[in-house]
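The values are calculated or read from the model by the stated rules, or taken from the named source; none is laboratory data. Note that this is a predicted model, so its numbers are computed, not measured. Using ideal geometry, Cβ is built from the backbone for each residue, glycine included, and neighbour counts are taken over all protein chains shown. The accessibility values were calculated without ligands, DNA or RNA, using every heavy atom of the protein model including side chains. Shrake-Rupley method; radii C 1.70, N 1.55, O 1.52, S 1.80 Å.
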Amino acid sequence: MLPARYETIILYSRNDAFGDGLVRIPALRAARTAFPDSFIVYGTTGSSTLEHVLNRHAGHLVDAINVRTSLARLVASHHKGKGRLAVVDFRISARWLLQASVSLLGRGVAYEANFPAFALSWRPGQKPEARPERNAWRYHRLIERLAGKRLPFDHRLEPTPAARAAARGLADGKHAPLVVIAAHGDGDKRMTADQVVVISDSMIADGANLLYVKTPGDGPDMAELAQRVPKLQLVDSGTVDGVDVSDVLLALGEFADLYIGAEGGTAHLMATVMTPMVIVSGGANMARWRPLSNCVDVIESRHASPTGLVANVPAPIIIEAAQRMLAVRHRDHPHLLDQPAGLSPQQSLDNDTPERSARLGT
């Protein structure tokens, strides 16, 4: 086996909330693909969801995760002997990136930084290039620059069989569009009980199967939702049948017709299984943070609400976007709405009928 180009590679970020960790996974996959024999260290200044909540998806891609550790300390720990060391810096502060670049000068360390035009890692003979707009692609591009070649970009996640079984039980096999709502969140990334009630009443009246999942953070009182919308199915627990609720959400997203919620980590999670979604953004830069599933209708709260807050966006605006998304799904993928909720895409193909095949021309 050929020796690794770099003995050790340090991937470094400041802090990883749930969504941050999710959008860094494609870069971790690319690094392991490009450098299979290198010792890859993932480090952060603060905490990281890649260490715990998302470790099942990311832990096998790196050899060590060091949180709350300075970059200088990591470099000192791994820059020993004659083995070559590389640092890929995902942080965005120009001051931090410039300081790191200066500290590594003359030490024989390859440095790739998330700096405008990748200017801190320019080398003779290289043409300047603009950074991609989307953060996930920026991180991935840094790995490509270090590797000197294009690499696969893979943001998909895989639910466990237990999560799929729990999700099928929640969906109940109904022949109705399955709509998943999650209004809990941190800061402005949450919706109100009134919004959830109006949306749920309207969509249930239109024949949809509504399922509300409580996620971390503040949000509507679950007892209040149960009282005000008796037909709204509620998932109010950290686990479902012993499976973490985030993994159940992942499995639900595989066959849900729509997800509705505020921009944030849960939306990024659903994007990893390509769930169509309507999200309400409280001001995040959508060019940099738009969910990677592509089938996304974004409502900007600053345009839809007089206060600019997610919690003040009128529910009818969200309902209209949801109806528009379901209508597009009817138009472009009619066979998916003929199947009982709870079937994964592969099960849908396995259970295909001659009539459906004929209609689809397969």
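Data table
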| quantity | calculated |
| --- | --- |
| Cβ-Cβ under 8 Å pairs, at least 6 apart or on other chains, segment 157-186 side free of Cβ contacts under 8 Å to residues at least 40 places away in the same chain, far side among the hydroxyl-bearing types (Ser, Thr, Tyr) and open to solvent by less than 50 Å² (accessible area, probe 1.4 Å) | His184/Thr215 |
| Tally of residues being under 18 Å from Val75 (Cβ atoms) and of a type in the set (Asp, Glu) across segment 103-144 | 1 |
| Among (1) at pLDDT below 90; (2) under 22 Å from the mean Cα position of the chain (by Cα); (3) under 24 Å from Glu158 (Cβ atoms) - the single one His335 does not satisfy | (2) |
| Within segment 1-41, considering residues that are part of a strand (DSSP E or B) and touching a Ser or Thr at 6+ places or on another chain (Cβ under 6 Å), the one surrounded by the fewest Cβ atoms within 10 Å (Cβ to Cβ) | Phe39 |
| Criterion: in contact (Cβ under 8 Å) with a residue 60 or more places away in the chain and within 24 Å of Thr45 (Cβ to Cβ) - qualifying residue of Asn135, Asn114 | Asn135 |
| Residues (small (Gly, Ala, Ser) and in contact with an Asp or Glu (Cβ under 7 Å, 6 or more places away or on another chain)) located in segment 252-307 | Ser281, Gly282, Ala284, Ala287 |
| Selection count, segment 138-156, where residues are basic (Lys, Arg) and without any contact (Cβ under 8 Å) to a residue 24 or more places away in the chain | 2 |
| Tabulated pairs, segment 58-87, first within 14 Å of Ser38 (Cα to Cα), second assigned to a loop (DSSP other than H, G, I, E, B) and among the aromatic types (Phe, Trp, Tyr), C-beta under 8 angstrom, 6+ apart or interchain | Gly83/Tyr6; Arg84/Tyr6; Leu85/Tyr6; Ala86/Tyr6 |
| Filtered residues of segment 276-314 (kept if open to solvent by less than 10 Å² (accessible area, probe 1.4 Å), closer than 20 Å to Asn135 by Cβ and in contact (Cβ under 8 Å) with a residue 60 or more places away in the chain) | Val280 |
| Selection status of Val87, of a type in the set (Val, Ile, Thr) and more than 25 Å from Asp20 (Cα to Cα) | no |
| Positions within segment 95-149 being among the charged types (D, E, K, R) and touching a Pro at 6+ places or on another chain (Cβ under 9 Å), in sequence order | Arg131, Arg138, Arg141 |
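Conditions (1) more than 17 Å from Leu22 (Cα to Cα); (2) polar (S, T, N, Q), marked per residue:
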site	(1), (2)
His57	no, no
Ala64	yes, no
Ser70	yes, yes
Ser77	yes, yes
Arg91	no, no
